[in-house]
Amino acid sequence: MKDGPDIAIIAAQIGDPARANILMALMSGLPLTATELAREAGVSLSTASGHLAKLRENGLVAFASKGRYRYFRIADVDVAHAVEALVTVASRAGHMRTRPGPKDKAMRRARSCYDHLAGRLAVDLFEYWVLQRVLRWHDDLVFLTRTGERFVEERGIDVANLKHQKRPLCRTCVDWSERRHHLGGSIGAAILSHAVEKRWAVREPASRAVTFSVAGEKSFAAWYAATPRSR
């Protein structure tokens, strides 16, 4: 069928190796300059600028100016979700760009998936919340239950405010390293922000790795693994 959106154009943009590296660098969720992205992509600054112009033209990245610098980011959560889905497919097919090492181990433990937490810790949280009926599946979608809303509010996350956002409260991603689901959406983003604000974890500069201290990981586990109170 030839009618409808032309995915070939977007696929071609993402398929270029340098542009793919730029998008993967921006999947850390941190804004980066063209110079930083050129280094991540392994190209010159002028070449990176050309790639960024094409990515912006096709709605894949956006930027904000601060002083004389432009800081680039993934355009929105739909783009981030599409990139992460491609990462999952590439991983399943065995298309890995580096050999496993210490950095790979840290990424598998905890990393950012654009603006929410991914990796083993995120999968553990998701599966515990489903077991405790904080979350429930319905027609392949995940929802926050009434008990879950109270539980998450008690954890210090303003659910009422998040409901006013355009994005869904809950969205799942298939975690590329664990091959199971983790939690995205505005709740997922709030969880990562909360962990960083509490100083349980640190988002590594120009990397997707999220580093939890030993005490921070224990505090995080105690935070999400409390038993929900039912009426």
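What the table shows:
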{"quantity": "Among the residues listed as Asp16, Asp76, the single one being among the charged types (D, E, K, R) and open to solvent by 60 Å² or more (accessible area, probe 1.4 Å)", "calculated": "Asp76"}
{"quantity": "Selection from the range 142-180 of residues that are polar (S, T, N, Q) and open to solvent by less than 60 Å² (accessible area, probe 1.4 Å)", "calculated": "Thr145, Thr147, Thr172, Ser177"}
{"quantity": "Those residues of the range 159-192 which are free of Cβ contacts under 8 Å to residues at least 24 places away in the same chain and either among the hydroxyl-bearing types (Ser, Thr, Tyr) or farther than 17 Å from Ala82 by Cα (or both), in sequence order", "calculated": "Ala160, Asn161, Lys163, His164, Gln165, Lys166"}
{"quantity": "The one condition in (1) open to solvent by 60 Å² or more (accessible area, probe 1.4 Å); (2) in contact with a strand residue (DSSP E or B) (Cβ under 6 Å, 6 or more places away or on another chain); (3) touching a residue at least 24 places away in the same chain (Cβ under 8 Å) that Val202 fails to fulfil", "calculated": "(3)"}
{"quantity": "Residue in the range 183-198 that is open to solvent by 10 Å² or more (accessible area, probe 1.4 Å), on the phi > 0 side of the Ramachandran plot and modelled with pLDDT of 95 or more present", "calculated": "no"}
{"quantity": "Options Val174, Val123, Val159; residue that is more than 17 Å from Ser207 (Cα to Cα), of a type in the set (A, V, I, L, M) and over 17 Å from the mean Cα position of the chain (by Cα)", "calculated": "Val159"}
{"quantity": "Residue count, the range 135-149 (criterion: under 19 Å from Ala195 (Cα atoms) and in contact (Cβ under 8 Å) with a residue 24 or more places away in the chain)", "calculated": "1"}
{"quantity": "Unmet criterion (only one of (1) modelled with pLDDT under 95; (2) farther than 20 Å from Leu26 by Cα; (3) within 17 Å of the chain's Cα centre (by Cα)) for Ala226", "calculated": "(3)"}
{"quantity": "Top-ranked residue in the range 53-64 [being of a type outside the set (D, E, K, R) and within 18 Å of Ala11 (Cβ to Cβ); ranked as surrounded by the fewest Cβ atoms within 10 Å (Cβ to Cβ)]", "calculated": "Gly59"}
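The values are calculated or read from the model by the stated rules, or taken from the named source; none is laboratory data. Note that the coordinates shown come from a computational prediction; the quantities given were computed from them, not determined experimentally. Glycine gets a Cβ as well: all are built from the backbone with ideal geometry, and neighbour counts include every protein chain shown. The area values use the complete protein model at the heavy-atom level, side chains included, leaving out ligands, DNA and RNA. Shrake-Rupley method; radii C 1.70, N 1.55, O 1.52, S 1.80 Å.
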